[in-house]
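What follows is a short report on a single structure.
The values are calculated or read from the model by the stated rules, or taken from the named source; none is laboratory data. Please read all numbers here as calculations on a predicted model, not as lab measurements. Reconstructed Cβ throughout: ideal geometry from the backbone, glycine too, with neighbour counts over all protein chains shown.
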Amino acid sequence: MEPTAPDLQLVSEMMKHVPVPAPYSGCRRTAVTTVVAITMVVLSLGVLLDCGLAPPGALTRIVGGTSASRGEWPWQVSLWLRRREHRCGAVLVAERWLLSAAHCFDVYGDPMQWAAFLGTPFLSSAEGQLERVARIYRHPFYNLYTLDYDVALLELAGPVRRSRLVRPICLPGPARPPEGARCVITGWGSLREGGSMARQLQKAAVRVLSEQTCRRFYPVQISSRMLCAGFPQGGVDSCSGDAGGPLACREPSGQWVLTGVTSWGYGCGRPHFPGVYTRVAAVLGWIGQNIQE
């Protein structure tokens, strides 16, 4: 059934970053033949890169968050449009690969229009690395109406310079995170619904909600590629400009894994409307198929 005009308006309101939709122009790849094998390659890549290491004490309580310090979230990336303004977040997952939200590129799909800024929590800082984006691969099943498979891979023109300020996050295993798991969202998005963007990276702790709870809160379909995180009472959430950034959860080993990519939500921090994230474990096969180190 084709979506109606009210359906499209509702989806537009839900996006954490809301450009005008444009036809899909991403790279379509063939189906994965052996998902398990590819997943193991991706996970091994993360181990080799010494991924997911952050300073002790990084977990604290964008809306409802606090400012992050230098080196606290070394995989966080700001995507700049025409090198003039922050538009979306992204996450460093390998030395020349980023994950972000596919809907960030609905209008501006030319990689030449984008640059990746990383290595600093301050958007105005001269200390960060500015890297050119060479290619953008949106998931071939991405649906701009439902925001299913809202994920994109960005290939940088060259490898980043690794340091304590720039480090990739680990990719997750195939299992869903347990209900109630405490994770962290980060980004430079609006500090309140309808408000201005943050100039310093913000961080906030949220709880992973069950799929059943997520489906109860939202009037649109929650697919198996999505998960919800936040609090039923609201108050802590990602917001406009945070799209593409990480929902990161810490493993018992102390390493951080990329559980979700910030995708959409109804408003920011509203009661009974938690943030919705693309579940990274659901697209591991596609990531492994595309990443070539």
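A few notes on this one:
- Residue that is modelled with the lowest pLDDT, among those in region 247-262 that are closer than 16 Å to P74 by Cβ and in a loop (DSSP other than H, G, I, E, B): G254
- Total residues in region 148-171 satisfying the condition of being assigned to a loop (DSSP other than H, G, I, E, B) and touching a helix residue (DSSP H, G or I) at 6+ places or on another chain (Cβ under 6 Å): the figure is 3.
- Residue count for region 78-103, restricted to those that are out of contact with any Asp or Glu (no Cβ under 9 Å at 6 or more places or on another chain) and either hydrophobic (A, V, I, L, M, F, W, C) or farther than 26 Å from L53 by Cβ (or both): 13
- For A243, the requirement of being assigned to a loop (DSSP other than H, G, I, E, B), of a type outside the set (D, E) and within 23 Å of W286 (Cβ to Cβ) is met.
- The sole residue among G187, G194, G173 that is within 18 Å of the chain's Cα centre (by Cα), outside the structural domain of P121 (by TED's automatic domain parsing) and under 20 Å from V276 (Cβ atoms) is G187.
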